[in-house]
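Okay, structure first, notes after.
The values are calculated or read from the model by the stated rules, or taken from the named source; none is laboratory data. Since the structure is predicted, the reported quantities are computational estimates derived from the model, not experimental observations. Neighbour counts run over all protein chains shown; Cβ positions are idealised from the backbone, glycine included. Accessible surface areas use protein heavy atoms only, side chains included; no ligands, DNA or RNA. Shrake-Rupley method; radii C 1.70, N 1.55, O 1.52, S 1.80 Å.
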Amino acid sequence: MDEPAYQEVLEALNSLISEKPKVGDRQAYESAYQSLQTYLERLDLVSELTKLKVIHVAGTKGKGSTCAMVESMLRQCGYKTGMFTSPHLVDVRERIRLQGRPIAIPDFMQHFWWCFDKLKEYAHLHPGMPAYFRFMTILALKVFLEEKVDVAILEVGVGGRLDATNCIPKPIVCGVTSLGFDHVELLGHTLPEIAREKAGIFKTGVPAFTVQQPEDALQALLEVAGKVQAPLKLAAPFEQYMLPPHQLGLAGAHQQVNASLAVQLAATWEQAAGPSCGGPAAAGAAQRVQQLGQLQLPDAYVEGLQGCVWPGRAQVVRQSWVSEGMADGLGTTFFLDGAHTPESMATCAEWFCEAAHTQQATAGQQELAPHRILLFNCMKERNPEALLRPFMTTLAARGLGFQQALFVPPESSYRKLGSPDHPPKDLSWQHGLQKVYQTHLTPTSTTGVTRAGLQLPALPGLEAGQDGRQGAVLPSLRATLNWLRRCSQSSPKAPLQVLVTGSLYLVGDVLKLLNKAPV
């Protein structure tokens with residue numbers, strides 16, 4: 001890899017990153033969407049977009065997982081796939097995937113400069129250069145056209161009606177995953193308002209599917225579908241298919257809901273567009289569609305669901321720290337989930353309870369119970385009270401708590417790509433998170449730090465009055481992971497379970513520092 005050349009690309013992308021829209025700044029959001037057509041015209045892509053056979057997915061929870069399952073199933077069928085999702089965990093190329101893999105660096109650079117340089121020629125004219133997400137959307141579409149993918153799977157970034165991905169004139173099929181409260185300053189403060197924005201991706205005559213929703217949200221989806229004459233149906237529950245839930249590649253009971261939508265989207269796309277793709281995949285499309293009509297999952301769909309991988313979401317990583325001189329012992333298990341909405345935080349808590357207990361039950365005979373640590377951060381536009389309340393309530397209901405809670409700033413940020421800046425000196429946000437956490441502590445939230453045979457080294461950079469049991473603010477992620485390594489080394493027979501959640505940026509940074517990055 002030509003590191004300097006790739007860094008130059010990242011710097012150019014950085015120049016497109018602006019501050020996120022301020023609360024209530026819907027007018028600027030709408031204006032930015034309207035400018036997208038101008039950019040597409042300048043790149044001569046408007047008519048070209050009709051060549052793409054698109055699956056378009058909106059929603060609040062599970063958009064990325066649903067897209068990943070759709071992509072995995074259709075790839076197993078033999079189709080050439082392209083997938084655009086956001087955000088990325090470590091490398092911006094994760095957002096544009098070909099055949100399930102992030103686009104190769106040389107190809108990314110080639111397509112990037114074609115788009116960037118051509119748009120730069122018009123930068124002196126209104127509306128200037130596109131902002132970061134709109135540019136990445138345009139770049140993904142250009143890549144998919146050049147690579148001649150059979151299917152392009154697009155995950156909506158924010159909302160739907162005014163999202164950059166909504167430039168597709170007529171997708172093959174649309175889907176809306178579970179709805180909840182997120183980006184309320186742009187989408188609305190009620191579920192029906194949010195649902196109407198999500199339903200903005202519906203197009204006349206294009207089949208659309210959703211999953212079980214709150215009644216008022218479902219009625220709003222049906223209302224929009226009726227206005228644009230888009231046939232909207234509920235996806236068949238996944239339990240009706242003949243595949244045990246535990247055979248899904250993505251962990252968590254909630255993934256059955258995503259899988260039900262993913263199967264319906266893949267099947268509808270195959271029926272409408274599969275035969276025109278040619279090759280062995282197209283030859284088997286009719287048979288697969290027939291099987292699905294009988295609620296039987298074709299082998300390719302089963303293999304796609306079982307083999308689906310979506311890093312940073314309900315992901316378990318075992319870290320033995322062998323490279324650090326610890327060749328045996330129980331090590332540290334990281335449970336990573338980038339949940340960042342109230343609903344997904346509650347879902348994350350449910351998943352962690354199941355996964356943590358399952359690991360403990362299957363570990364065999366061991367003298368020590370797991371020592372559980374929460375590693376948390378969320379972005380400043382989030383409401384930490386709204387995130388931590390359902391999370392802690394769910395944990396308390398399941399009788400599971402943490403011995404320690406650590407609040408740490410991430411190394412990466414949506415404001416800058418590439419090499420991280422120095423750790424922030426201002427930790428006031430993390431101190432605020434700690435205080436919110438303390439207000440929700442219950443007798444089951446923490447059972448104390450002491451474990452027989454467990455000797456923990458002192459927490460790094462701990463300020464006076466903090467002890468970890470009530471939540472502690474640590475200065476950097478690297479210092480935190482070094483501390484966890486020393487914990488494992490000082491007590492090799494004590495299993496450590498660390499839940500990392502609240503932000504995909506935090507999850508991505510942990511994966512990168514553990515050398516478990518998806519690219």
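Here is how the numbers come out for the structure above:
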{"quantity": "Virtual spin-label span in nm between GLU146 and ASP117, 7 Å along Cα→Cβ", "calculated": "1.1 nm"}
{"quantity": "Rg/Rg_ref, region 370-414, where Rg_ref = 2.2 N^0.38 Å and atoms are Cα", "calculated": "1.31"}
{"quantity": "Peptides ranked, highest mean first, by Cβ atoms within 10 Å: ranges 65-71, 125-131", "calculated": "65-71, 125-131"}
{"quantity": "Fraction in percent of alpha-carbon pairs per bin - 10 Å, region 1-120", "calculated": "10, 32, 41, 16, 1"}
{"quantity": "Three-way shape call for region 170-216 based on the alpha-carbon gyration tensor, with the a/c threshold at 1.5", "calculated": "prolate"}
{"quantity": "0 to 90° range, to nearest 10: angle between helix 215-228 axis and the chain longest Cα axis", "calculated": "20 degrees"}
{"quantity": "Charge-dipole axis of the chain as Lys and Arg at +1 and Asp and Glu at -1 on Cβ define it, positive-most pick from ALA349, LEU292, LEU119", "calculated": "ALA349"}
{"quantity": "The chain, helix-only ellipticity at 222 nm - DSSP H runs n ≥ 4, -39,500 (n - 2.57), divided by all residues, nearest 500", "calculated": "-13000 deg cm²/dmol"}
{"quantity": "Residues of region 186-218 with amide N under 20 Å of a point placed 7 Å along Cα→Cβ from ALA236", "calculated": "207-213"}
{"quantity": "Dipole magnitude of the chain about its Cα centre (Cβ charges: Lys, Arg +1; Asp, Glu -1), debye to nearest 20", "calculated": "300 debye"}
{"quantity": "Spin-label proximity, THR204 to region 210-243 - amide N less than 18 Å from point 7 Å beyond Cα toward beta carbon", "calculated": "223-232"}
{"quantity": "Computed over the chain, the ratio Rg/Rh where both radii use C-alpha atoms and Rh is Kirkwood", "calculated": "0.97"}
{"quantity": "Helix 63-77 axis, angle to the chain major axis (alpha carbon atoms, nearest 10°)", "calculated": "60 degrees"}
{"quantity": "Simple Cβ-charge dipole of region 127-229, Lys/Arg +1 and Asp/Glu -1, about Cα centre, in debye nearest 20", "calculated": "400 debye"}
{"quantity": "0 to 90° range, to nearest 10: angle between helix 132-147 axis and the chain longest Cα axis", "calculated": "60 degrees"}
{"quantity": "Carbon + sulfur, % of accessible area of the chain - ligands and nucleic acids excluded, 1.4 Å", "calculated": "51 percent"}
{"quantity": "D (Stokes-Einstein, µm²/s), Kirkwood Cα radius, region 231-273, 1.306 mPa s at 10 °C", "calculated": "143 µm²/s"}
{"quantity": "Å² per residue, accessible surface of the chain at 1.4 Å", "calculated": "41 Å²"}
{"quantity": "Charge dipole (the chain, unit charges on Cβ, about Cα centre) - positive-most of LEU16, PHE238, GLY278", "calculated": "PHE238"}
{"quantity": "Set of lysines near LYS51 by C-alpha distance (under 22 Å), chain-local residues within fewer than 8 positions excluded", "calculated": "LYS80, LYS118, LYS142, LYS148, LYS170, LYS203"}
{"quantity": "Over region 101-230: Rg over Rh, Cα atoms, Kirkwood Rh", "calculated": "1.03"}
{"quantity": "Anisotropy class of region 138-292 from Cα gyration tensor, a/c 1.5 cut", "calculated": "oblate"}
{"quantity": "Relative packing of peptides 494-506, 249-261 - highest average C-beta neighbours within 10 Å first", "calculated": "494-506, 249-261"}
{"quantity": "Gyration tensor verdict on region 201-272 (Cα atoms; rounded if a/c is under 1.5, prolate if a/b is larger than b/c, oblate otherwise)", "calculated": "oblate"}
{"quantity": "In order through region 248-258: 3J(HN,Hα) via Karplus (6.51 cos²θ - 1.76 cosθ + 1.60), integer Hz, x for Gly, Pro", "calculated": "5, x, 8, 7, x, 4, 5, 5, 5, 5, 5"}
{"quantity": "Cα-projected label distance for LYS435 with LEU514, points at 7 Å along beta-carbon direction, nm", "calculated": "3.2 nm"}
